[in-house]
1. List every residue pair whose Cβ atoms sit under 7 Å apart, with the two residues 6 or more apart in sequence or on different chains, where the first one lies in the stretch 198-223 and is closer than 27 Å to residue 102 by Cα and among the small types (Gly, Ala, Ser) and the second, anywhere, is modelled with pLDDT under 85 and surrounded by fewer than 23 Cβ atoms within 10 Å (Cβ to Cβ).
2. Look at residue 79 and say whether it is surrounded by fewer than 16 Cβ atoms within 10 Å (Cβ to Cβ) and either in the same structural domain as residue 163 (by TED's automatic domain parsing) or not small (Gly, Ala, Ser) (or both).
3. Sort out which residues of the stretch 166-205 are polar (S, T, N, Q), part of a helix (DSSP H, G or I) and under 21 Å from the mean Cα position of the chain (by Cα), and write them in order of number.
4. Looking only at the stretch 96-103, decide whether some residue is under 20 Å from residue 40 (Cβ atoms) and modelled with pLDDT of 85 or more.
5. Would you mind finding the one in 67, 73 that is more than 15 Å from residue 30 (Cβ to Cβ) and of a type in the set (Gly, Ala, Ser)?
6. Inspect all residues belonging to the stretch 35-55 and state whether any of them is within 26 Å of residue 150 (Cα to Cα) and either of a type in the set (Phe, Trp, Tyr) or out of contact with any Ser or Thr (no Cβ under 8 Å at 6 or more places or on another chain) (or both).
7. Looking only at the stretch 83-105, which residues are crowded, with 18+ Cβ neighbours inside 10 Å, closer than 17 Å to residue 30 by Cα and not basic (Lys, Arg)?
Amino acid sequence: LLSLCMVYAALALSYSLLLGTSGMLSFGHALYFGAGAYGLGLVLKLLQVPLALGIPLSLLGGLVIAAFTGSVAMRVSGIPFAMVTLAFAQAGSVLVRRNQQVTGGEEGLRLPVELVPDWLVGVVNTRNLYWVCLAALVVIYLVVLWVDRSRLGHLAQATRENELRVQVLGLRPYSAKLIVFVVAALCASLAGIAYMLLQSGTQPSSVGADLTITVLVMVVLGGVGFRWGAIVGGVLYTILDQRLKVLARSEWIDALPGWLHIPLSEPLFLLGVLFILVVMFLPGGIAGTVDAWVRRRRGERTRTQLRQLDDTTDVVDDAVEARV
């Protein structure tokens, strides 16, 4: 479960780069997660190459898909952009579901474990897979951190706030947004590769828009614009999703009246209620709420220090006047 939490935290972090830094609401981000997962499986299956070569090749495939879809979708912005990315995600979902011979169709694609090192295969090597997932999360975090602090990140943030002003200044917002889009997609592909290794396979659900909406909930739950918030949101959502599935099948839920049993037996209903409560009472997400509390505490401390300084100044002035 912890390894799965890190995979989804990495995916949420990559989406946070897209939504938080550039302000682009995409409904097709899962397409690149699936491209990494399916890409690794297909490269190993069709080309019979070792894992060390399969990973960069699958990332290259994710790069090509992201560059093409991003260059097309970025011709528009706002809601039209979201709809174009949704169309690409749905197209990808149809391709993997209908292509039974290549992608496995509804049954999904199994990882060719015979081409994977033994230390990454089997339940006995779960600890090694944990370190692989952690490494993917760390790499994605460092990439997102670098983008946020780079000139590219600053330009993307300025474009998010006022794209017309950026154009007037002679800069090229389209290029900045496209690069951030591709980098975020590559990070999602890396998370997909980690997922493929962890699960020893993947399913069509890893490509569709439903997963993107789930990741959006993770980011909003953790706090848009906060790197650690995306990680917290991904981990918290994954744990709740797994635990609520167990809770939905418990005996005491079955013993409830029908009007309570039906909604409470659906984990998505409970997660939806939680999401509504977070949006209503914690509009900045967990990270935004914590950040606001810290800022408020710092402000109170600063005001206290200023009052103490004023009191000290008054005492000194009184002492000087007394001596005079």
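The values are calculated or read from the model by the stated rules, or taken from the named source; none is laboratory data. Keep in mind that what you see is a predicted model, and the values were worked out from it rather than measured. Here the Cβ positions follow ideal geometry from the backbone for every residue, glycine too, while neighbour counts run over all protein chains shown.
1. What qualifies is 200/113; 201/108.
2. Working: surrounded by fewer than 16 Cβ atoms within 10 Å (Cβ to Cβ): yes; either in the same structural domain as residue 163 (by TED's automatic domain parsing) or not small (Gly, Ala, Ser) (or both): yes.
Taking the combined requirement at face value, the residue satisfies it.
3. Of the residues in the stretch 166-205, the ones polar (S, T, N, Q) are 167, 175, 189, 199-200, 202-203, 205.
Narrowing the set further to residues that are part of a helix (DSSP H, G or I) leaves 167, 175, 189, 199, 205.
Within the stretch 166-205, 189, 199, 205 meet the criteria.
4. Step one: of the stretch 96-103, the residues under 20 Å from residue 40 (Cβ atoms) are 96-97, 99-103.
Narrowing further to those that are modelled with pLDDT of 85 or more: 96-97.
Yes, the stretch 96-103 contains a residue that is under 20 Å from residue 40 (Cβ atoms) and modelled with pLDDT of 85 or more.
5. On the way: 73 fails: more than 15 Å from residue 30 (Cβ to Cβ).
Matching residue, one of 67, 73: 67.
6. Within the stretch 35-55, none of the residues are within 26 Å of residue 150 (Cα to Cα) and either of a type in the set (Phe, Trp, Tyr) or out of contact with any Ser or Thr (no Cβ under 8 Å at 6 or more places or on another chain) (or both).
7. Of all residues in the stretch 83-105, those crowded, with 18+ Cβ neighbours inside 10 Å come to 84-86, 88-89, 92-93, 96-97, 103-104.
Cutting the leftovers down to closer than 17 Å to residue 30 by Cα gives us 84-86, 88-89, 92-93, 96-97, 103.
Passing the criteria: 84, 85, 86, 88, 89, 92, 93, 96, 103.
So that you can scan it fast, the table gives a plain yes or no per residue for (1) crowded, with 24+ Cβ neighbours inside 10 Å; (2) under 23 Å from residue 220 (Cα atoms); (3) without any contact (Cβ under 8 Å) to a residue 60 or more places away in the chain:
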| site | (1), (2), (3) |
| --- | --- |
| 14 | yes, yes, no |
| 23 | no, yes, no |
| 27 | no, yes, no |
| 33 | yes, yes, no |
| 39 | yes, no, no |
| 53 | no, no, yes |
